[in-house]
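Encoded as structure tokens, the structure appears first; notes follow it.
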Amino acid sequence: MISVNPADFKAANPAEIKEGMEVIHLKFGQGKVISVDERLVATIYFDALTDTPEKRIMLQFAKLQIVD
């Protein structure tokens with residue numbers, strides 16, 4: 001898992017987030033985008049979360065950094 005210093009975190013434009021991308025969320029950690037629907041709600045699988053690793057996140061409010 002990639003750790004990110006919050007001061008170095010650079011959120012991507014929500015329109016750039018696509019299915020299959022690896023992303024980082026400051027609270028949930030690193031995850032893989034499973035799908036993005038027409039309302040820009042992404043389903044993301046976060047490996048570090050054991051209780052419910054799949055989260056549905058509204059991209060307009062989520063701050064996600066794309067992993068290069």
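Rule-based calculations on the coordinates, nothing more; no lab input. Predicted, not measured: the structure shown is a model, and the values here were computed from it. Cβ atoms come from the backbone with ideal geometry, glycine included; neighbour counts cover every protein chain shown.
Placing pseudo-labels 7 Å out from each Cα toward the beta carbon at residue 56 and residue 18 gives an inter-label distance of 2.4 nm. Listed from fewest to most Cβ neighbours within 10 Å, the set 58, 21 follows the order 58, 21. The order of 51, 8, going from fewest to most other C-beta atoms within 10 Å of their C-beta, is 51, 8. For region 9-66, relative contact order (Cα pairs under 8 Å, six or more residues apart, normalised by length) works out to 38 percent. Applied to region 8-17, the Karplus parametrisation 6.51 cos²θ - 1.76 cosθ + 1.60 on θ = phi - 60° returns per-residue 3J(HN,Hα) values of 9, 5, 10, 5, 7, 5, x, 5, 7, 6 Hz, with x for Gly and Pro. Restriction of the chymotrypsin sites (Phe, Trp or Tyr not before Pro) in region 19-64 to DSSP coil positions whose beta-carbon has at most 10 other beta-carbons within 10 angstrom yields 61.
For region 1-35, the list of trypsin sites (Lys or Arg not before Pro) that fall in a loop by DSSP and count at most 12 other C-beta atoms within 10 angstrom reads 10, 18, 27.
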